Every structure is written in structure tokens, then in C-alpha cells.
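A.B. asks: Let me give you the structure first, and then I'll get to my questions.
The values are calculated or read from the model by the stated rules, or taken from the named source; none is laboratory data. Predicted, not measured: the structure shown is a model, and the values here were computed from it. When we count neighbours, we look across all protein chains shown, and the Cβ atoms used for this are built from the backbone with ideal geometry, even at glycine. We work out accessible area using only protein heavy atoms, side chains counted, and drop any ligands, DNA or RNA first. Shrake-Rupley method; radii C 1.70, N 1.55, O 1.52, S 1.80 Å.
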Amino acid sequence: QVATAAVYEMVGGDPVNCEVYGRDRWGRALAECHQGGRSLNAAIVEAGWALAWYPSTGAVLGPRFDRDEAEAAAAGAG
């Protein structure tokens with residue numbers, strides 16, 4: 001709930017553009033979202049509100065957020 005509230009605050013009322021690049025094994029859309037030239041995916045991971053997840057099987061190629069996750073861990077975020 002806290003992470004959801006933080007993301008809503010981060011996004012505000014400005015438009016968000018999301019590009020679906022695949023689906024996971026449950027059929028959910030996998031997408032990268034941008035707002036004003038900023039990757040919201042990277043921002044959420046770097047803030048510590050989400051972990052970058054890469055399935056070991058059935059992986060869909062998409063953006064990677066390893067560096068953002070490492071920065072969050074180093075900063076003690078999340």
C-alpha cells in the first residue's frame with residue numbers, strides 16, 4: 001500500500017506512455033512506462049519500491065534494471 005501511494009505521488013496527474021513488450025506466463029502485460037522522458041520502471045526500482053524480476057524460464061526480452069536495483073540496495077532504499 002505504501003509503494004502504491006508512492007508511485008501515485010511520483011506519477012501525479014501527468015500522462016504516462018506504456019509500451020507492452022510481452023506477456024508473462026500468467027498472461028499479464030509486461031511493459032515499460034515513461035513519463036516526460038523518464039522511465040517509471042527504473043525510477044520505481046531505484047526508489048526501492050519494486051525489485052527487478054527476470055524469470056529463469058520463459059523469459060521475455062525487455063529492459064533491464066539491475067543497476068537501478070543495485071543503487072537502491074546501496075542507498076538502503078525500499
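A.B. asks: Could you give the dipole magnitude of the chain about its Cα centre, charging the beta-carbon of Lys and Arg +1 and that of Asp and Glu -1, in debye to the nearest 20?
C.D. replies: 280 debye
A.B. asks: Cβ neighbours within 10 Å, averaged per peptide: list 21-27, 6-12 in order, most packed at the top.
C.D. replies: 6-12, 21-27
A.B. asks: Also, quick follow-up: If you count only protein heavy atoms with a 1.4 Å probe, what accessible area per residue comes out for the chain, rounded to a whole Å²?
C.D. replies: Accessible area per residue: 72 Å².
A.B. asks: A further question on this structure: Identify which of the listed values of semi-axes √(5λ) of the Cα gyration tensor in Å was calculated from the structure shown: (i) 20, 17, 12; (ii) 39, 9, 9; (iii) 23, 17, 11.
C.D. replies: (i)
A.B. asks: Applying a 10 Å radius around every beta-carbon, put 71-77, 30-36 in order of their mean neighbour count, most first.
C.D. replies: 30-36, 71-77
A.B. asks: In a shell of Cβ-Cβ distance under 10 Å around Ala42, excluding Ala42 itself, what net charge do Lys and Arg (+1) and Asp and Glu (-1) give?
C.D. replies: Once positives and negatives cancel, what remains is -2.
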